[in-house]
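The values are calculated or read from the model by the stated rules, or taken from the named source; none is laboratory data. Computed from a predicted structure; not experimentally measured. Positions of Cβ are generated from backbone atoms using ideal geometry, with glycine treated the same way; all protein chains shown enter the neighbour counts. The accessibility values were calculated without ligands, DNA or RNA, using every heavy atom of the protein model including side chains. Shrake-Rupley method; radii C 1.70, N 1.55, O 1.52, S 1.80 Å.
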Amino acid sequence: MGDEVSIDPASFHNRLSTMITTWKGDKRTGNNVFGDVGSIVVVMGKSDEVQGFHKANAMQFWLLGYEFPATLFLMTLEGMYFLTTKKKATYLEVLKEGGKTPVEIIVRGKDQEENAKQLERILDIIKNAGKKVGVISKEPSTGPFVNEWKTAFADISKEVEEFDISPALSAVMAVKDENELRAIRNASVASAHTMADYFVDYMSDILDKDKKITHKALSDKIASKIDDNKFFKWKKAPPNFDTVQLDWSINPTVMSGGNFDLKLNSEPDDSNLHAGVIVAAMGLRYQTYASSVARTYLVDPNKSQESMYKLLLSVHDEVIRELRDGVMAKDVYNKAIAVIKASKKPELVEKFVKSVGAGIGIEARDGTLVLNAKNGRVLKDGMTFSISTGFSDLENTNPQDKKRDAKYSLLLSDTVRVTPAAQAEGFVFTRDAATDLESTSFFFNDDEEEEKKPKAKPKKDPKVGAVASSNITKTRLRGQGAQTANEEKEATRREHQRDLHGKKQSEGLDKYTEGHGNLNGTEVKKFKRFESYKRDTQFPSKIKDLIVLVDQKNDSVILPIMGRPVPFHINTLKNATTSQEGDFCYLRINFLSPGQGVGRKDDQPFEDPTAQFIRSLTFRSKDANRMEDIKDQITEMKKTSTRREQEKKDMEDVVEQEKLIEIRSRRPYRLDNIYVRPALESKRVGGAVEIHQNGLRYHHLGSQKVDLLFSNIKHLFFQPCVGELIVIIHVHLINPIMIGKRKTKDVQFYREATEMQFDETGNRKRKHRYGDEEEFEAEQEEKRRRAQLDKEFRNFTEKIADAGKAEGMAVDMPFRDLGFNGVPSRSSVTVQPTTDCLVQLTEPPFMVITLTDIEVVHLERVQFGLKNFDMVIVFKDFTRAPAHINTIPVEALDSVKDWLDSVDIPYSEGPLNLNWATIMKTVIADPHEFFKDGGWSFLSTESDSEGSDEEEEESAFEVSEEELVSDESSEDESEFDDDASAEASADEVSDDEEGEDWDELEKKAARKDREGGLEDEEKKPKVKPSKRK
């Protein structure tokens, strides 16, 4: 119980008055309920979560809204007495005023004699009130305070008769007021929502995919759903529904496979969920008020099971119809029995439950308000009941599994309000969880049978045999196969890219309609105004001296002008300079003013065209040291102001996170010996990561903490240590957070894969192993350790994703096979695609680009002779600067194109680096005009035209044997030596008059290389014939 305890005095006195009025009324009508007691004592011992809610603490919750352990309530017709400790007494002080019934608070202390006197006074009040005292006979409370009270009460037990007041308290609390009914409605609606929208979907998915899960695991899965705040903010949620107020009143229970307990007394067992009859029950509590809902689901039921369920449904509906004001509890039960006896199977009365429900409120089951054949209590408008009907141990005439389906049970439970007699039936709070046969029956076998039907095989052409078809090839020559496949692949890729670019163009025209305007908005720059002082009393006292004064506190410079001190805010100043001329030192102060043309940062708009601005002021003094000091102060103040403005701008997108909700019920999942990036301090110190209810917490060994909420996590990555020195769990955030003094959107937890080393010098096995055998064993041990490390991190990442499933979190993993080297920042790293992103997680600064954020990709410097190319990624948010990945090896060009094409990202390529700042400025200025003029087609126009020329020239180029021989024979006449071939090709490349394309030049170069090789090989044979002549 904390400082937030706030008792409502009005509600307390209203309910206390209701109870005393009912008590007095019972005395006048024959003492049928209260038994003519003169006083009522309710004693609460120590708090015990195992016992749950019972009459004593239910009474406390009903009157006060809180549980007060080690507290005694004494009520008489004249007053109310509390015996409690000092701290609790402070919370009860507000009850002394504002009510008809006087309230007295007796404070206990550590003095045993004083405490004994207080108990004696309570006993005297009881004796003076009458000879009968109302107590809760079956009181489960325990503890030293309860034992002390029982010992004291034993002294007067012969003088005062005890009477069980439980039915009377139940009668008073059974009729709910408006606030109580609203709380029960909220609890019931949430329970029905969990049953219908979570359990049914999850259970049917398990059965449909033939997965295995135990009853206990499934029940725990449902129980953990209470922590999913997003789930309980559904469309039909009651107004002002507070998920913090939810708790379980009936822990979720799932039963199947012939093992059923309709009283819900037993815990879920470890048997697997069986596709037959499935009974599920649960109940949520809202603001301490309970609810209950139970449903039976039939999987592939036979006709007998369907008829049994229809009978139970008719009995259940009849019971609900009987819940009206003035009806006796036993009549409700007898009506249910009558419906069964009137059916075709009256013998099922023996299988029917012994009661059809009980009162529900703060207690999940009111034992004094049970709907059975003996209870003569009369139902009243405003009472609430947990209605439960069911048949147990029914025989299945046609079981699919003779062991698990031979016997089954059926159960239906709802939370219902008793309505006025004029209404036809009680109001069902849990009606959102459907009970009709169509909604509770599932059929899976029919679908399987349809799937098992053999599909008609396409008829084969008998004219084409197996051998003949295998010998038919698409190419005429053996060497042509690979070339044709590449051409087909490239043609398919070009066609797909053409479609993607066309689609992107139409999307752009649809998104940016005519008159869309500048993406940065039409906001006009305003003249900035700064305030140095609000009142003249805030001026420094030194202004009387009429000197140049720098006020660091108010970021201002006070200058003497015309005999008056005039303040200027530091943001109006550009800079200050000094110069020495003769005996005087001149201080020149330059101001910022519109029209200076010194750059965008200093550019300011004209607010008033007729206004005049001072560009500079100059002061002179013989004290050169003072002038220099003033200049330094102004310069430092300007730097501080600029730094402050920049920090403020950097912090604009930093969002303050919600508070992390820690797991208290169990020890959270934890991964130890972890390092974090960005580092919290310069020293390399490790820590641990924990998974809590709504986020992650990193505990630094220096007692620092970093909290990451699931709601702020955009991507979760796991990168194994294959080919790397570290294993990584990487978190990419939606909004940046502050870690230390740094803003970051990427937080990484890692451990070095090589740190688990140990010294084997003392190992006895070492002296029996030599050379390669020992080295091989060390390699195997290293592989084993790395695999174990990957498994540990991967399991922990999956637990994070499971805990954040409500936020749609899933584990993403880089595809190393698709990776390529590049320079996204400063150094060359391996850039790897994942399912949803393109990432670089090895070296900071990290790079995480979401694929859905990409508009187009342009590949620059793609031309023959260059070993590298660059990638430019343009985002859908045109105001975001394009991302560059430079110096990618040309060997990766085809794989990069294949990957971009596979993820449906339109790309283009060109031979030059483009000025993207200018391009994006044009796009942002008027996106409609940009897409109207062709959009991104300007990037691919040049490359497409080049490609078409290449194809035409390549098809027309052929080399005959005669030409090849003539080229070889003319080598003696050539003026070039072997080493000049590369230079010749380079000269040809630079010669624009030739008009030859790159493929032709490449073939010429290859031919020259062959000529050089032939010359070396055939030099001697060619000399010999000349000697013969």
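Brief remarks follow.
- Once the Cα-Cα distance is subtracted from the 0.36 nm per residue extended length, the ARG121 to LYS805 segment shows a gain of 240.4 nm.
- The phi torsions of the stretch 582-593, fed into the Karplus equation with coefficients 6.51, -1.76 and 1.60 and a -60° offset, translate into couplings of x, 7, 10, 10, 9, 9, 9, 10, 9, 9, 7, 8 Hz, rounded to whole numbers, with Gly and Pro shown as x.
- Taken one residue at a time, the phi angles of the stretch 421-435 give Karplus couplings (6.51, -1.76, 1.60, θ = phi - 60°) of 4, 5, 7, 6, 7, x, 8, 8, 6, 9, 5, 5, 8, 4, 10 Hz. Gly and Pro are set to x.
- Under 12 Å, Cβ to Cβ, from SER616 - net charge with Lys/Arg +1 and Asp/Glu -1: +3
- All C-alpha to C-alpha distances of the stretch 645-759, sorted into 10 Å bins beginning at zero, yield P(r) values of 12, 42, 34, 11, 2, 0 percent in whole numbers.
- Solvent-accessible ranking of LYS351, LYS504, LYS805, largest area first, probe 1.4 Å: LYS805, LYS351, LYS504
- Fully extending the segment from TYR586 to SER827, taken as 0.36 nm per residue of separation minus the present Cα-Cα distance, adds 81.9 nm.
- Members of LYS235/LYS805; LYS150/LYS330; LYS659/LYS791; LYS745/LYS799; LYS55/LYS87; LYS211/LYS714 lying beyond 26 Å, as alpha-carbon distances in this model show: LYS150/LYS330; LYS659/LYS791; LYS211/LYS714
- Cα→Cβ-extended label distance, 7 Å offset, between LYS158 and GLU779, nm: 9.6
- The value of relative contact order for the stretch 193-335, using C-alpha pairs under 8 Å at least six residues apart, is 21 percent.
- Take every Cα pair under 8 Å whose residues are at least 6 apart in sequence, average their separation, divide by the length of the stretch 813-953, and the relative contact order is 19 percent.
- Mean shadow area of the stretch 26-166, taken as a quarter of the surface of its Cα convex hull (nm²): 8.8
- Figure note: GLU318, GLU860, GLU807 ranked by solvent-accessible area, largest first, 1.4 Å probe, ligands and nucleic acids not counted: GLU807, GLU318, GLU860.
- Nonlocal amide H pairs with LYS574, under 5 Å, H built at 1.01 Å: ASN590, PHE591, LEU592
- Accessible area (Å², 1.4 Å probe, nearest 10) - LYS534: 150
- Neighbourhood charge, 13 Å Cβ-Cβ cut-off, centred on THR21 and excluding it, Lys, Arg +1 and Asp, Glu -1: +4
- Under 5 Å between amide hydrogens, built in the peptide plane, is the criterion, and for GLY357 it picks out LEU371, SER388 among residues at least 5 positions away or on other chains.
- Sequence ranges 924-934, 689-699, ranked by mean other-Cβ count within 10 angstrom, highest first: 689-699, 924-934
- Overall shape of the stretch 295-447 was characterised from the C-alpha gyration tensor. The equivalent ellipsoid obtained from it has semi-axes of 30, 16, 13 Å, in decreasing order.
- Estimated FRET transfer efficiency (GLU487, THR835; beta-carbon r; R0 30 Å; 0.05): 0.50
- Förster-model FRET efficiency, 22 Å R0, ILE106 and ASN128, C-beta, rounded to 0.05: 0.90
- Taken along the Cα-to-beta-carbon direction at a fixed 7 Å, the label points for ASN625 and GLN788 span 7.1 nm.
- Gain on full stretching of the segment that runs from LYS544 to ASN571 - 0.36 nm per residue minus C-alpha separation: 7.3 nm
- Taking amide H positions as modeled 1.01 Å from N, with prolines and chain starts lacking one, the residues under 5 Å from ILE728 and 5 or more places away or on another chain are GLN719.
- In sequence order, calculated HN-Hα J values of the stretch 402-407 (Karplus, 6.51, -1.76, 1.60; Hz; x Gly/Pro): 4, 7, 9, 10, 4, 10
- The largest accessible area among LEU789, LEU549 belongs to the first residue in LEU549, LEU789, and the rest follow in falling order (1.4 Å probe, all chains).
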